[in-house]
Amino acid sequence: MTSEQHETGRVAVAKTCKLYVGGKFPRSESGRVYPVRDAAGAPLANVAHASRKDLRDAVAAARGAFPGWSGATAYNRGQVLFRIAEVMEGRRAQFGADVAAAEGRGADAVAVVVDAALDRVVWFAGWTDKIAGVLGAANPVAGPYFSFSVPEPSGVVGVLAPQDSSLLGLVSVLAPVLATGCTAVVVTSAERPLPAVTLAEVLATSDVPGGAANLLTGRAAELGPWLAAHGEVDALDLSGADAELRPELERAAAGTVKRVLRAGRGAPDWTAAHGLERLRAFTEVKTTWHPVGT
């Protein structure tokens with residue numbers, strides 16, 4: 001019992017965290033949980049240990065949500081992402097506590113990380129109605145035709161979230177997927193999942209359609225191969241896969257002709273300014289030819 005619990009005369013409520021699938025918070029169908037500890041080794045919570053069946057359920061939810069989310073206007077998607085940032089701002093203290101416990105950072109470093117995560121969501125929210133203008137084109141052609149190239153969302157994106165950057169890295173890989181109109185199945189950081197659990201609670205109250213974003217707590221080494229081989233997953237982000245696992249996942253993804261965003265060498269600097277790589281990675285360009293005068 002902590003000194004605070006001695007002073008108040010009560011025992012803190014033990015936290016058991018669930019998955020976030022289809023806009024709901026189910027337990028793992030396997031019944032498995034695993035303990036999460038802070039950077040000093042003290043227990044924080046038990047979290048659901050997602051199974052292959054949970055992953056299949058999440059993919060089905062993402063596939064079901066895709067027509068509605070991809071069919072929403074770019075302006076509407078931007079408003080939803082901005083709403084996520086608004087709700088995150090209101091829970092800034094909780095995100096700070098989660099990051100501090102998970103990553104062992106001091107107060108100043110935690111404030112920088114949380115602020116950067118909020119700014120990152122706002123930044124991608126601003127891109128939703130600009131993607132078509134920047135990645136698309138009206139093509140010059142030699143003939144009586146109009147030719148337009150228009151970026152379209154790829155579909156369901158499987159994301160292995162960064163293992164070390166439990167909040168900033170997570171929003172940096174999830175926000176661009178949603179901004180493009182794709183839906184996401186995210187395997188969170190295994191040892192540092194609590195910021196993702198809090199983010200799931202934010203998503204559930206931020207106008208994000210159920211199934212557009214699904215967060216699974218578990219092991220990338222266990223769930224990654226099933227995600228890479230799943231026929232209903234259209235693209236794969238390997239940010240959270242270790243170097244030994246990546247070749248196996250790329251081979252599995254090739255079997256269903258997935259787009260694969262490969263992780264770079266070494267740990268990326270998630271605080272660095274983002275470019276368009278992640279927006280471009282999960283869009284497909286459709287070119288249309290149309291005769292003049294018809």
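Hey, what D do you get for the chain in µm²/s if you plug the Kirkwood alpha-carbon radius into Stokes-Einstein at 25 °C and 0.890 mPa s? Walk me through the intermediate numbers first.
Values: Rh = 19.8 Å.
D, rounded to a whole number, is 124 µm²/s.
For the chain, what does -39500 (n - 2.57) per DSSP helix run (n ≥ 4), summed and divided by total residues, give at 222 nm, in deg cm²/dmol to the nearest 500? Walk me through the intermediate numbers first.
Working: 11 runs with 127 residues, N = 294.
It lands at -13500 deg cm²/dmol.
In degrees between 0 and 90, to the nearest 10, how far off the longest principal axis of the chain does helix 92-103 point, with axes built from Cα atoms?
That works out to roughly 80 degrees.
Can you list the residues of the stretch 79-103 with backbone N under 14 Å from a point 7 Å past the Cα of Ala267, pointing along Cα to Cβ?
Correct set: 102-103.
Please list, ordered by chain and number, the residues whose modelled amide H lies under 5 Å from the amide H of Cys17; skip anything fewer than 5 residues away on the same chain.
Answer set, sorted by chain and number: Asn46, Val47, Ala48.
If packing is taken as the mean number of other Cβ atoms within 10 Å per residue, what is the order of 84-92, 269-277, 33-41, highest first? Please list the in-between numbers first.
On the way: 84-92: 17.3, 269-277: 11.7, 33-41: 13.2.
Averaged packing, sorted descending, gives the order 84-92, 33-41, 269-277.
Please report how far the C-alpha centroid of the stretch 255-294 lies from that of the stretch 67-102, rounded to the nearest whole angstrom.
When both Cα centres are located, 22 Å separates them.
Highest mean first, how do 163-172, 217-226 rank when packing is the count of other Cβ atoms within 10 Å averaged over residues?
Highest mean packing first, the order is 163-172, 217-226.
For the full complex of protein chains and a 1.4 angstrom probe, list Leu279, Leu44 by accessible area with the highest value first. Before the final figure, lay out each step's value.
Values: Leu279 0, Leu44 60 Å².
Greatest to least solvent exposure: Leu44, Leu279.
Given H placed on each backbone N at 1.01 Å, which residues far from Leu261 in sequence or on other chains put an amide H within less than 5 Å of it?
Amide H neighbours of Leu261, under 5 Å, 5+ apart: Leu236, Asp237, Leu238.
Can you give me the distance in nm between label points at Arg52 and Val257, each placed 7 Å from the Cα along the Cα-to-Cβ direction?
Going from the Arg52 label point to the Val257 one covers 2.6 nm.
Set the Förster radius R0 to 22 Å, insert the Cβ-Cβ distance between Arg10 and Arg105 as r into 1/(1 + (r/R0)^6), and round the FRET efficiency to 0.05.
E(calc), rounded to 0.05, equals 0.15.
List the residues of the stretch 189-205 whose backbone N lies under 18 Å from a point placed 7 Å from the Cα of Arg37 along the Cα-to-Cβ direction.
The answer is 190-194, whose backbone nitrogens lie closer than 18 Å to the label point.
If you plug each phi of the stretch 155-170 into the Karplus form 6.51 cos²θ - 1.76 cosθ + 1.60 with θ = phi - 60°, what whole-Hz ³J(HN,Hα) values come out, in order, with x for Gly and Pro?
Each residue's phi maps through the Karplus curve to give x, 8, 10, x, 10, 9, 5, x, 7, 8, 8, 6, 10, 4, x, 5 Hz.
Solvent-accessible area per residue for the stretch 210-294 at a 1.4 Å probe radius, Å²?
Working: 4480 Å² over 85 residues.
Averaged over the residues of the stretch 210-294, the accessible area is 53 Å².
In whole Hz, with x marking every Gly and Pro, tabulate ³J(HN,Hα) for the stretch 247-256 from phi via Karplus 6.51 cos²θ - 1.76 cosθ + 1.60, θ = phi - 60°.
x, 4, 5, 5, 5, 5, 5, 5, x, 10
Just to be sure I follow the rule: in the stretch 1-134, considering lysines 8 or more places apart or on different chains, how many pairs have Cα atoms under 28 Å apart?
Details: Lys15/Lys24; Lys15/Lys53; Lys18/Lys53; Lys24/Lys53.
For the stretch 1-134, the number of qualifying lysine pairs is 4.
Compute the helix-to-body angle for 52-71: its Cα long axis versus the longest principal axis of the chain, expressed 0 to 90° and rounded to tens.
Between helix and principal axis, roughly 50 degrees.
Short version: ³J(HN,Hα) in whole Hz for each residue of the stretch 191-200, in order, from phi by Karplus 6.51 cos²θ - 1.76 cosθ + 1.60 (θ = phi - 60°), x for Gly and Pro, what are they?
8, 10, x, 5, x, 5, 5, 5, 4, 4
Once the Cα atoms of helix 107-127 and of the chain are each reduced to a long axis, what angle between those two axes, in degrees from 0 to 90 to the nearest 10, is obtained?
Tilt of helix 107-127: around 20 degrees.
Return P(r) of the stretch 68-110 (all Cα-Cα pairs; 5 Å bins starting at 0; whole %; ordered from short to long distances).
With 5 Å bins starting at 0, P(r) equals 5, 21, 17, 14, 13, 11, 11, 7, 1.
Counting only protein heavy atoms, what percent of the accessible surface of the chain is carbon or sulfur at a 1.4 Å probe?
Carbon plus sulfur share of accessible area: 54 percent.
How would you order 246-257, 180-191, 205-216 from highest to lowest mean count of nearby Cβ atoms within 10 Å? All intermediate terms of the calculation are to be shown ahead of the outcome.
Details: 246-257: 14.9, 180-191: 25.8, 205-216: 22.0.
For the peptides 246-257, 180-191, 205-216, the packing ranking is 180-191, 205-216, 246-257.
If you count the DSSP beta bridges with both ends in the chain, what percent of them are antiparallel, to the nearest 5? Please report the intermediate quantities before stating the final value.
On the way: 18 of 35 bridges.
So the antiparallel bridges in the chain amount to around 50 percent.
Looking only at the stretch 1-113, where both bridge partners belong to it, what percent of the DSSP beta bridges are antiparallel (to the nearest 5)?
Values: 6 of 8 bridges.
Approximately 75 percent, going by the DSSP bridge assignments.
So if I restrict to the alpha-carbon atoms in the stretch 129-208, what is the Rg, and what is Dmax, the biggest pairwise distance, in Å?
17.6, 59
Near the amide H of Val186, under 5 Å away, which other amide H atoms are found, from residues 5 or more places off or on another chain, if H is placed in the peptide plane?
Amide H to amide H, under 5 Å and 5 or more residues apart or across chains, Val186 pairs with Val159, Asn214, Leu215, Leu216.
Keeping all protein chains in place and using 1.4 angstrom, which order do Phe82, Phe66, Phe95 fall into by accessible surface area, from largest down? The partial results should precede the final answer.
Values: Phe82 95, Phe66 35, Phe95 0 Å².
Listed by decreasing accessible area, they come as Phe82, Phe66, Phe95.
The values are calculated or read from the model by the stated rules, or taken from the named source; none is laboratory data. Just so we're clear, the structure is a prediction, and the values are computed from it rather than from any experiment. Here the Cβ is made from the backbone with ideal geometry for all residues, glycine too, and neighbour counts use every protein chain on show. All accessible areas refer to the heavy atoms of the entire protein, side chains included, with ligands and DNA or RNA removed. Shrake-Rupley method; radii C 1.70, N 1.55, O 1.52, S 1.80 Å.
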